[in-house]
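The numbers here are math on the coordinates, done by the rules we state, and not lab data. It should be emphasised that the depicted structure is a prediction, and the values quoted were computed from it without experimental measurement. Using ideal geometry, Cβ is built from the backbone for each residue, glycine included, and neighbour counts are taken over all protein chains shown.
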Amino acid sequence: MVAIRTKPDHHTYTFPGFGSEKFPNLLLRGAGDLNNWHLPVYEQQHEGYVAMRKALQMEPVAVTEEVKASGLRGRGGAGFPAGLKWSFMPKDTPERKLTRYLVCNGDEGEPGTFKDRVILEYNPHQLIEGMIIGGWAMQCAMGYVYIRGEFLWLIEKLEAAIQQARDAGYLGKNILGTGWDYDILVYRGAGAYICGEETALLNSLEGRRGEPRVKPPFPAAKGAFGQPTTVNNVETLAAVPPILRMGGGEYAKIGSPKNSGTRIFGVSGHVKRPGIYELPMGTPMNFLVEELAGGSSTGRKIKAIIPGGASCPMLDEKDFDVPMDFDNLKARGSMGGSGGLIVMDESVCIVQATLRLIRFYAHESCGQCTPCREGCNWMQLILNRIEHGQGRMEDLDLLASLTPRIGMRTLCPLGDAACGPMDSALQKFRHEFEHHIIHKTCYAQGSKLLSSVGAH
Amino acid sequence: MNPAPIPETSNEPLAPGQRLPESERKAFSPEAIAEIQAIMAQYPDKLAATLPALYIAQREFGFVSLAAMRAVAETIGIPEGHVFGVATFYTMYQKAPVGKFHFQVCTNISCALRGAAQLLEKVCERTGVKPGQGPSPDGMWSVEEVECLAGCGVAPCVQVNQDVYDELVDEDKLVEVMEACKRGEYRPWGY
């Protein structure tokens, strides 16, 4: 067996009052304790595999109903109801027996997001338990966990945890006497942001280039290896055991209406205590940023916050009080995304920040759809021009005219994702772009987000 | 920050992959072939072994050369073109030799807000290599600028080979990591 890396990290995981009724601790149990991934610890201290035993005594359909009742929405970014997604899976008929798969999306690549990593590091058994429950609910033959290639040490850890579960009889043949065979395999990605998109992930899992597929057929009809497949995020599946333990109705009481449960928010950038905070959905953003993360680390005022990973439109000061859930963020013109908050203070030049984000999308576009492949590159070129003092006033209209030609015109949401930061930066911080064009220098003097040594 | 130069056109266009450097090694060891065959048996379709096999090739060959891609195609029994397409799609397969310690510096937004751009400059200065320029003359170092490593909370974040090193805020920590590499405390490239 490989040695499991036990290097402590410096994230903040907790805050006063965490674990109380107001701030339930459902996903981050034992976070920060490096021994927490062992099966005995999970079983003895964190009610481990209680939910699985309960689920395996229920009818598979009843398990799906329980998840539906909880109102759990997918934590990957789109916020699609998880129970509903599960119910799309075709059932066996007397004439036709299907091979179904459950795929867990652990290709965490969204800039500003580092939540799956924490679950895999400290609580891998909760993910395994969630995958067993999901596998039972949909009567899957196999579960695949797709994890980004950079997380090699987490892959080793998860594989060791899976082996513990196998030894305990929770995976393999005839699990706990139910007559149901199920196992989990870990698949290592190889560094492509696009593989976080579910059909690109399936292509990658099959050993192909990670290019998104044309939908329909949706994965529930034709997914991994041509079989019906459900793809869920790591956090979504890790949220399933608490739902079964406490009951769907009880879980639905946490959070805000139609956005039930807790969610892991990652705070990064200019804050005093960057880290991972599990909060009920609908917690106001300024409570998270000011109270828990300690507010600005530089003493300067906070200028902009990206509320859910790089793809989400930026919010400025007037929206810092937004309750953090899918619907409220959407109403304010942004997105719930993957729950990674990026906090930028007044010293940040928005032109540089936007250029850095667009460069990411230009680099990570798979190149399949022309609007995204060409559009992102053009946005990067134009922003580069503005940043280097060669911009023209009409460039701003050109940029604004590019986004509607990229967004909603591609097979997958990567093109839309690139438009989020671009549009919002132009709308909310247009004066900074104009300043750059007129004065050929940053509005926020001394901002250094770009290195002098070449790009990719 | 200037866009990449457009390659010069020539009268004799190169075939795909001909721009890539070649490796001395040409074939897998028997152990590697057995390992790949075991992976092929795990999945409903042998094609799924492409990505894991390329990692094994990278370990054995030092980097994913054309010969490595051919060896993967031959071992799995799939077209060479497919393996070439996959190997060039993913950024974690190094298509050119890298140093014994390959520094991957994240310069995406969360890290950039905490000084990743300056860190990348320091890494280049201390190792004497620039991103994408191949290993240093002594073969010790190479540098790559990468996108988000999911260490946003402890930014800036540097990954050496396959291990993540967090909290690299200052130059001291960088020197510490480089010294540890020199002392052989970290696994060198090729596993």
Quiz item: So what J values fall out for the range B:107-113 if you push phi through Karplus, 6.51 cos²θ - 1.76 cosθ + 1.60 with θ = phi - 60°, rounded to Hz, Gly and Pro as x?
Solution: 10, 6, 3, 5, 6, 4, 5
Exercise. Mind giving me the nanometre distance, one decimal, between the label points for A:Arg385 and A:Ala221, set 7 Å out from Cα along Cα→Cβ?
Key: 4.3 nm
Quiz item: Which translational diffusion coefficient, to the nearest whole µm²/s, is obtained for the range A:6-47 from the Stokes-Einstein equation, given a Kirkwood hydrodynamic radius over C-alpha pairs, 25 °C and 0.890 mPa s?
Solution: 213 µm²/s
Quiz item: Along the positive direction of the dipole of the protein assembly as shown (beta-carbon charges: Lys, Arg +1; Asp, Glu -1; about the Cα centre), which of B:Pro137, A:Ile128, B:Gly62 reaches farthest?
Solution: A:Ile128
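In a shell of Cβ-Cβ distance under 15 Å around A:Gly391, excluding A:Gly391 itself, what net charge do Lys and Arg (+1) and Asp and Glu (-1) give?
With Lys, Arg at +1 and Asp, Glu at -1, the neighbours total -2.
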Practice problem: Using DSSP, restrict attention to beta bridges with both residues in the protein assembly as shown and report what percent are antiparallel, rounded to the nearest 5. | Solution: 45 percent
Quiz prompt | Radius, Kirkwood style, for the protein assembly as shown when every pair of distinct Cα atoms is counted (Å) | solution = 25.2 Å
Exercise. Return the long-range amide H neighbours of A:Arg263 (sequence gap of 5 or more, or a different chain), with a cut-off of under 5 Å between placed amide H atoms.
Key: A:Leu279, A:Met281
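Which entries in the list B:Lys130/B:Lys173; A:Lys22/A:Lys303; A:Lys85/A:Lys215; A:Lys85/A:Lys253; A:Lys115/A:Lys301; B:Lys95/B:Lys130 go over 23 Å, if you measure between the two C-alpha atoms of each?
Working: B:Lys130/B:Lys173 20 Å; A:Lys22/A:Lys303 30 Å; A:Lys85/A:Lys215 15 Å; A:Lys85/A:Lys253 21 Å; A:Lys115/A:Lys301 26 Å; B:Lys95/B:Lys130 16 Å.
Cα-Cα > 23 Å for A:Lys22/A:Lys303; A:Lys115/A:Lys301; rest within.
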Exercise. Run through every distinct alpha carbon pair of the range A:246-305 and return the Kirkwood hydrodynamic radius in angstroms, one decimal place.
Key: 12.6 Å
Quiz prompt | Lys, Arg +1 and Asp, Glu -1 on Cβ, resulting dipole of the protein assembly as shown about Cα centre, debye, nearest 20 | solution = 740 debye
Quiz item: In peptide A:353-365, how many Cβ atoms from other protein chains are near each Cβ within 10 Å, on average?
Solution: 3
Exercise. Could you quote the convex hull projected area for the range A:63-132, Cα atoms only and averaged over all directions, in nm²?
Key: 5.9 nm²
Practice problem: Any chance you could tell me what percent of the C-alpha pair distances in chain B go past 20 Å? | Solution: 60 percent
Self-check item: Part-to-part distance (alpha-carbon centres) for the range A:320-352 and the range A:70-105, which is given in Å
Solution: 29 Å
Self-check item: Ranked packing of B:103-115, A:300-312, B:42-54, most packed first, by mean Cβ within 10 Å
Solution: B:103-115, A:300-312, B:42-54
Quiz item: Peptide A:383-390: average number of partner chain Cβ atoms within 10 Å per residue?
Solution: 1
Exercise. For the range A:177-266, calculate the relative contact order in percent as a whole number, restricting contacts to Cα pairs under 8 Å that are 6 or more residues apart.
Key: 13 percent
Self-check item: Ascending count of other beta-carbon atoms within 10 Å, so fewest first, for A:Tyr443, A:Tyr361
Solution: A:Tyr443, A:Tyr361
Quiz item: Could you give the longest part of chain A that holds none of the GluC sites (Glu not before Pro) found in DSSP loops with at most 12 neighbouring Cβ atoms within 10 Å?
Solution: A:96-456
Self-check item: Note, ³J(HN,Hα) from phi for the range A:362-374, Karplus 6.51, -1.76, 1.60, rounded to Hz, x at Gly and Pro
Solution: 5, 6, 8, 4, 6, x, 7, 9, 4, x, 6, 4, 7
Quiz item: All other residues with a Cβ under 15 Å from the Cβ of A:Glu346 taken together, and with Lys, Arg as +1 and Asp, Glu as -1, what is their net charge?
Solution: +1
Quiz prompt | Average projected area [Cα convex hull, the range A:355-456], square nanometres | solution = 6.2 nm²
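For the range A:316-456, what's the relative contact order in percent, using C-alpha pairs closer than 8 Å and at least 6 residues apart? Each step should come with its number before you reach the end.
On the way: 157 pairs, mean separation 41.5, N = 141.
Relative CO of the range A:316-456 lands at 29 percent.
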Exercise. Just need the Rg to Rh number for the range A:311-368, please, alpha carbons only, Kirkwood Rh.
Key: 1.01
Exercise. List B:Thr91, A:Thr354, A:Thr113 from most exposed to least, where exposure is judged by having the fewest other Cβ atoms within 10 Å.
Key: B:Thr91, A:Thr354, A:Thr113
Quiz item: For the range B:57-63, what does the Karplus curve 6.51 cos²θ - 1.76 cosθ + 1.60, with θ = phi - 60°, yield as ³J(HN,Hα) per residue in whole Hz, taken in order and with x for Gly and Pro?
Solution: 4, 4, 5, 6, 8, x, 7
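For the range A:364-437, what does the relative contact order come out to in percent, with C-alpha contacts under 8 Å and a separation of six or more?
Relative contact order, the range A:364-437: 37 percent.
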Exercise. Would you mind checking which residues have amide H under 5 Å from B:Tyr165's amide H? H placed 1.01 Å from N; only 5 or more apart, or other chain.
Key: B:Val158, B:Gln159, B:Val160
Self-check item: Least to most buried among A:Thr93, A:Thr370, B:Thr127, A:Thr298 (fewest other Cβ within 10 Å first)
Solution: A:Thr93, A:Thr370, A:Thr298, B:Thr127
